[in-house]
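Let me begin by presenting the structure, written as structure tokens, before commenting on it.
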Amino acid sequence: MSIAPASGPVRIALVGTHGFGAVHLRRLAALEENGTAHLVGVVDVAAPPAGLEDLHHESLADLLAATTGEDRPEIVIIATPIDTHVPLATEALAAGLDVYLEKPPVPSLEDHWRLLEAAQQAGRAVQIGFQARGGAGVDVLRDEVATGSLGPVTAVHVHGAWQRDRAYYARSRWAGKRRLNGHRVADGVATNPLAHAVHAGLAIAGIDEVADIASVTTELRRAHDIQADDTTFLRIDPAGEGPSVVCALTTTAPEQESPWIEIAGPRGRHRLHYTDDRSLRTLEGGETEELDHDRIDLVENLIAHVRDREVPLLSSLSSTGVFSAVLEAIQSVPDPLPIEQDVEWVGEGPEAHPVVRDINAILQRALAEGRPFSEIGVSWARPEAVQRWTPPAA
């Protein structure tokens with residue numbers, strides 16, 4: 001359902017027209033067609049897609065200098081490498097614009113606080129593109145944990161078994177990197193492709209603030225010839241009562257699977273496939289119930305908020321500090337160690353991809369036991385890859 005604007009379509013500029021920016025262009029075309037939004041400019045250091053030449057600017061500063069009145073954007077969507085997020089978002093906020101910022105939002109916890117302060121000073125909103133938060137299933141599981149409807153839940157399990165080839169990690173200069181030109185770019189399985197799952201798991205567990213985290217245990221590994229992690233164990237333990245979030249993630253699976261998040265208690269379990277907006281609830285007697293969940297587009301949610309500030313954001317910058325703390329934990333530990341055995345490369349050239357032997361069973365066991373790979377007897381695991389991070393004192 002489209003939003004009925006209070007004063008015409010919301011004027012939007014897009015920074016970054018390639019990569020995931022191309023997805024935004026397709027969505028903006030649909031929003032323009034139904035009268036919800038109007039694209040007034042695009043920014044890219046590269047040539048824009050065909051048909052957008054008249055809207056193209058090489059910098060956000062150029063776009064803002066060239067637009068006034070009814071041509072000036074109200075919202076800026078930023079779909080650029082992570083190391084550019086903070087300066088671009090800060091520039092947009094200082095110009096009085098609301099911001100949609102792709103995930104991961106910032107490369108460090110310090111940057112989160114800095115950007116949050118800029119947004120508060122500007123009195124503008126920053127929506128983060130954690131798409132899973134647009135799906136109602138996350139809040140269904142969150143409510144079940146909070147109310148204890150399945151009994152006490154001790155862990156939220158996050159499972160992601162994806163497949164990525166060499167081309168995926170060669171698509172840009174920053175892909176597969178932890179650092180580039182001395183700056184964090186924070187790519188990696190837990191902070192980029194499956195970041196949605198990690199963030200949703202935290203929300204379901206009720207770990208909402210950095211202060212809610214006691215520690216983050218990591219084991220970062222890589223089968224690809226990259227700098228970042230592609231096979232990762234995470235356990236986020238809460239500072240108080242409530243479940244831990246245990247994540248087992250990879251981009252070295254034999255086949256691409258739908259990622260899922262599961263909670264379980266003595267009265268049943270509930271598994272959410274957040275990319276499909278469907279879940280399966282199994283009660284202790286064996287009865288099962290399949291549920292379909294509604295979804296709200298996060299750009300439309302931001303548009304609604306801009307038109308009526310009483311409309312709450314579904315994925316506000318302030319709600320993502322806890323994810324930035326997990327990212328900080330991942331970026332603060334030593335670089336991922338290579339997986340030196342039990343790896344088979346399938347395919348040729350750019351389409352070649354590694355498959356770690358028995359990776360699906362390994363992920364399932366790590367989740368079930370809540371322990372890193374090196375503690376469950378995995379042949380390629382190394383104890384020195386296990387690290388523990390605690391948040392800085394407030």
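The values are calculated or read from the model by the stated rules, or taken from the named source; none is laboratory data. Because the structure is a prediction, the values reported are computed rather than measured. Positions of Cβ are backbone-derived with ideal geometry, glycine not excepted, and every protein chain shown enters the neighbour counts.
Scanning the stretch 1-34 for residues that are at pLDDT below 95 and among the β-branched types (Val, Ile, Thr) yields a single hit, Ile3.
Of the strands (runs of 3 or more DSSP E) lying entirely inside the stretch 175-255, not one carries at least 1 residues that are farther than 23 Å from Arg365 by Cβ, free of Cβ contacts under 8 Å to residues at least 40 places away in the same chain and of a type in the set (A, V, I, L, M).
For the stretch 294-322, a residue qualifies if it is farther than 30 Å from Glu384 by Cα, assigned to a helix (DSSP H, G or I) and hydrophobic (A, V, I, L, M, F, W, C), and the qualifying residues are Leu298, Val299, Leu302, Ile303, Ala304, Val306, Leu317. Output yes when any residue across the stretch 206-215 is farther than 24 Å from Arg178 by Cα and crowded, with 24+ Cβ neighbours inside 10 Å, and no when none is. Checking the stretch 206-215: at least one residue is farther than 24 Å from Arg178 by Cα and crowded, with 24+ Cβ neighbours inside 10 Å. Evaluated against (1) out of contact with any strand residue (DSSP E or B) (no Cβ under 8 Å at 6 or more places or on another chain); (2) closer than 30 Å to Glu209 by Cβ; (3) not β-branched (Val, Ile, Thr), Phe373 falls short on exactly one condition, (1). Annotation: Ala186 fulfils all but one of (1) under 19 Å from Gly19 (Cα atoms); (2) modelled with pLDDT of 95 or more; (3) touching a helix residue (DSSP H, G or I) at 6+ places or on another chain (Cβ under 6 Å); the unmet one is (2). Look at Val185 and say whether it is within 19 Å of Leu314 (Cα to Cα), in the same structural domain as Asp276 (by TED's automatic domain parsing) and under 21 Å from the mean Cα position of the chain (by Cα). Here the answer is no, as Val185 does not meet what is asked. Taken over the stretch 153-178, the criterion of being of a type outside the set (Ser, Thr, Tyr), out of contact with any helix residue (DSSP H, G or I) (no Cβ under 9 Å at 6 or more places or on another chain) and surrounded by fewer than 21 Cβ atoms within 10 Å (Cβ to Cβ) is satisfied by Trp162, Gln163, Arg171, Arg173. You will find that of Ser149, Ser172, the residue that is in the same structural domain as Ala253 (by TED's automatic domain parsing), modelled with pLDDT under 95, among the hydroxyl-bearing types (Ser, Thr, Tyr) and out of contact with any strand residue (DSSP E or B) (no Cβ under 6 Å at 6 or more places or on another chain) is Ser172 and no other. Quick one: is Glu289 among the charged types (D, E, K, R), part of a helix (DSSP H, G or I) and at pLDDT 95 or above? In short, no. Please verify whether Val198 is buried (at least 24 other Cβ atoms within 10 Å of the Cβ) and in the same structural domain as Asp277 (by TED's automatic domain parsing), treating the condition exactly as stated. So Val198 passes the test. Scanning the stretch 260-315 for residues that are in contact with a Gly (Cβ under 7 Å, 6 or more places away or on another chain) and over 22 Å from Arg26 (Cβ atoms) returns Ile261, Gly265, Pro266, Arg267, Leu272, Ser279, Arg281, Thr282, Leu283, Glu284, His293.
Where residues in the stretch 264-289 are in contact (Cβ under 8 Å) with a residue 12 or more places away in the chain and of a type in the set (Lys, Arg), which of them is surrounded by the most Cβ atoms within 10 Å (Cβ to Cβ)? By that ranking, first place goes to Arg281.
For the stretch 63-91, the set of residues classified as in contact with a Lys or Arg (Cβ under 8 Å, 6 or more places away or on another chain), at pLDDT 95 or above and of a type in the set (A, V, I, L, M) consists of Leu64, Ile75, Val86, listed by residue number.
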